[in-house]
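Novice: The structure is given below, and queries will be raised subsequently.
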Amino acid sequence: MALIHPEFTIGIEEEYLLVDRDSMALADAPEAMMEECRAQLQDQVSPEFLNCQIEIGTKVCRNVGEAREDLKRLRSTVSACAAKHNLAPIAASCHPFADWRDQKHTDKERYNHLAGDLAGVVRRMLICGMHVHVGIDPPDRRVDLMNQLSYFLPHLLALSCSSPFWQGQDTGLSCYRLTVFDNLPRTGLPPRMESFGEFERSVQALVDLEVIEDSSKIWWDLRPSHQFPTLESRICDVQPRLEDALSLAAMVQALSRMLWRLAVKNQRWRIYDRFLIAENRWRAQRYGVREGLIDFGLGEIIPMAGLVEELIELLQDDAQFFESASEVENTREMLRTGTSAGRQRQAYSEALHAEDDQDHAMRAVVRHLIEEFHADL
């Protein structure tokens, strides 16, 4: 049988929160704004579960160089349409001070069904994520790479953390989003599977019981996409900075090709028990890039700086293949400046020191997020 060379095309999906430019509080998306966004972006924009959310998705791109222009256009268009209604998008996974109890879900059949099916759990879904699709064929290869790529999900999460605050409180976590999302069923790290057929049979068992309609209700951190011939990474918090989003996407694309190169040589990345990977997932969620992750081969906790350097070296050939070496190497700068979670805490601390007013400081965090969103546009 001839070797099928995956295309490794990528697509990036991002979810944003809409805020009032005066109060910095969440605001519902006006229908006129959504209509204008759809007129300019067609099916690349859509409402999300909550009225205060909006989702965009890039076209299928060869690499992050192509994705950059499309993502910049999408962000710019949403921003311009929102500004006409005195609103601004922010790309953070949790709003710093909003109360989920005050939010209403979008009146759409899928979301109405979710609200009825998942009850009080889904009402707390005031969170936003970033998803990266990588085109991989055949389907069995998709599942094989899912098993191996799971090892690196905590690394991606640690670099992406943008949700330290929840309902006006510092949670002490770098990524609070996952504590909310993990309350849903069928979330977390993907199970190890031997084939795409096994994945299909597992999904079909739930479909036959009318528990779910299809695999779009499987919300693992990494999954075979329901819509596309892709492996979909869902672990990352959404990024305020455009370039950071592109670096994470470049990393996912390069990791996928690196693991594929191993596979065609009858080699593979060692697969560790989900229990062990989950410990690194928690460390990333709690500390971001501050405390490092466990290297199970060495049996040591390695600082993120060391892990990032290892990844850059490991992915050198693949980053060059995709012409994304600068984006992959930008992860060093992400470490130097810290995650969005750290920058949000700094903005809060500086504002609190200046005014000694917690509400003022929380609003300052949102202003900071608006500024970062627009910095690269």
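The values are calculated or read from the model by the stated rules, or taken from the named source; none is laboratory data. Note that this is a predicted model, so its numbers are computed, not measured. Every residue, glycine as well, gets a Cβ built from its backbone with ideal geometry; the counts of neighbours run over all protein chains shown. Only protein heavy atoms, including side chains, enter the accessible area calculation; ligands, DNA and RNA are left aside. Shrake-Rupley method; radii C 1.70, N 1.55, O 1.52, S 1.80 Å.
Novice: Work out the P(r) tail for the range 119-255: percent of alpha carbon pairs separated by more than 17 Å, whole number.
Specialist: Across the range 119-255, Cα pairs with separations above 17 Å total 62 percent.
Novice: Whole number please: convex hull volume per residue, Cα atoms of the range 118-179, in Å³.
Specialist: Cα-based convex hull of the range 118-179, divided per residue, equals 118 Å³.
Novice: Just how much of residue 329 is accessible, in Å², when a 1.4 Å probe is used and the result is rounded to the nearest 10?
Specialist: We get 90 Å² for residue 329.
Novice: Another question, if that's okay. Between residue 377 and residue 349, take the C-beta separation as r, use R0 = 41 Å, and let me know the FRET efficiency to the nearest 0.05.
Specialist: My answer for the efficiency is 0.95.
Novice: Per the Debye formula with a single identical scatterer at each Cα and no solvent contribution, what log10 I(q)/I(0) holds for the range 200-294 at q = 0.17, 0.18, 0.20 Å⁻¹?
Specialist: Reported log10 I(q)/I(0), two decimals: -1.09, -1.17, -1.28.
Novice: Sticking with this structure for a sec: For the chain, what does the accessible surface come to per residue with a 1.4 Å probe? Please give it in Å².
Specialist: 42 Å²
Novice: Please report the projected area of the range 300-370's Cα convex hull averaged over all directions, in nm².
Specialist: About 6.6 nm², averaged over all directions.
Novice: Mind checking the alpha-carbon convex hull of the range 1-108 and giving the volume per residue in Å³?
Specialist: Residue-normalised Cα hull volume stands at 139 Å³.
Novice: Which three lengths, in whole Å and largest first, does the range 164-218 cover when its Cα atoms are put on their principal axes?
Specialist: Taking the Cα atoms of the range 164-218, the three principal extents are 44, 25, 12 Å.
Novice: Kindly give Rg over Rh for the range 243-377, based on alpha-carbon atoms, with the Kirkwood expression for the hydrodynamic radius.
Specialist: My calculation puts Rg/Rh at 1.06.
Novice: Tell me, in nm to one decimal, what length is gained between residue 169 and residue 123 on full extension, where the rule is 0.36 nm per residue of separation less the Cα-Cα distance?
Specialist: 14.7 nm
Novice: While we're on this one: Calculate the tail of P(r) for the range 51-166: the fraction of all Cα-Cα distances greater than 21 Å, expressed in %.
Specialist: Here the long-distance tail beyond 21 Å is 58 percent of all Cα pairs in the range 51-166.
Novice: Which net charge results when you count Lys and Arg as +1 and Asp and Glu as -1 among the other residues whose beta-carbon is under 15 Å from that of residue 286?
Specialist: With Lys, Arg at +1 and Asp, Glu at -1, the net is 0.
Novice: I'd like the distance separating the alpha-carbon centroids of the range 1-59 and the range 135-210, in whole Å.
Specialist: 20 Å
Novice: Moving on. For the chain, restrict the atom set to alpha-carbon positions and state the Rg and Dmax in Å.
Specialist: 20.0, 69
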